[in-house]
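To keep things clear, I will list the structure first and then write my remarks on it.
The values are calculated or read from the model by the stated rules, or taken from the named source; none is laboratory data. Quantities reported herein were computed from a predicted structural model and do not represent experimental measurements. Cβ: placed from backbone, ideal geometry, glycine included. Neighbour counts: every protein chain shown. To get the accessible areas, we keep the full protein, side chains included, count just its heavy atoms, and leave off ligands, DNA and RNA. Shrake-Rupley method; radii C 1.70, N 1.55, O 1.52, S 1.80 Å.
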Amino acid sequence: QVQLVESGGGLVQAGGSLRLSCAASGRTFSGGAMGWFRQAPGKEREFVAQIHWNSGSTINADSVKGRFTISRDIAKNTVYLQMNSLKPEDTAVYYCVTGGWGRRSPDEYDYWGQGTQVTVSS
């Protein structure tokens, strides 16, 4: 199976930046895409961004478009989420995921990382 390990979360002030990393291991990967979800306290898990592994094409949620950038390093089997202009509303646990290209629902993804906490203070 695929193992996903996130890192890079932390506490930042509003307007600041963080870069999340997700290191993938294992060779059972057939969905074609990796991405990020987040879950804020009391809310459902929310799609953030996705990247097609081979082509590099990306899909971004409207709430983060223009502020967050997803990318991948094929040689390192790693995906990133560069988060700029952070807002308190971005506070959540961020999860790295694998799944089919174009999927937006959490139940359509195959593997999940353990999550990393991002807290944005005002």
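Quick notes on this structure:
- Residue of Glu44, Glu89, Glu108 that the Gaussian network model of the chain assigns the largest fluctuation, springs spanning Cα pairs under 10 Å: Glu44
- Percent carbon-and-sulfur accessible area, the chain, ignoring ligands, DNA and RNA, probe 1.4 Å: 43
- Projecting label points 7 angstrom from Cα along Cα→Cβ for Val5 and Ser55 puts them 3.2 nm apart.
- 1.4 Å probe accessible area per residue over the chain, in Å²: 52
- At R0 = 30 Å, FRET efficiency that the Cβ-Cβ distance of Asp110 and Lys65 yields, to 0.05: 0.75
- Computed over the chain: relative contact order in percent, which uses C-alpha pairs under 8 Å that are six or more apart: 36
- Note on the chain: with a GNM built from Cα contacts shorter than 10 Å, the maximum mean-square fluctuation among Pro88, Pro106, Pro41 falls on Pro41.
- Cα centroid separation, region 1-40 to region 77-122: 6 Å.
- Less than 5 angstrom separates the built amide H of Val2 from those of Thr28, all sequence-distant by 5 or more or on a different chain.
- Computed over region 1-65, the alpha-carbon pair-distance distribution with 5 angstrom bins reads 4, 13, 19, 27, 22, 10, 5, 1, each value a whole percent.
- Net charge, Gln39 excluded, C-beta distance under 11 Å - Lys, Arg +1, Asp, Glu -1: +1
- FRET efficiency for Arg19 and Glu46, using Cβ-Cβ distance with R0 set to 22 Å, rounded to 0.05: 0.70
- With the Kirkwood sum run over all distinct C-alpha pairs, the chain has a hydrodynamic radius of 14.1 Å.
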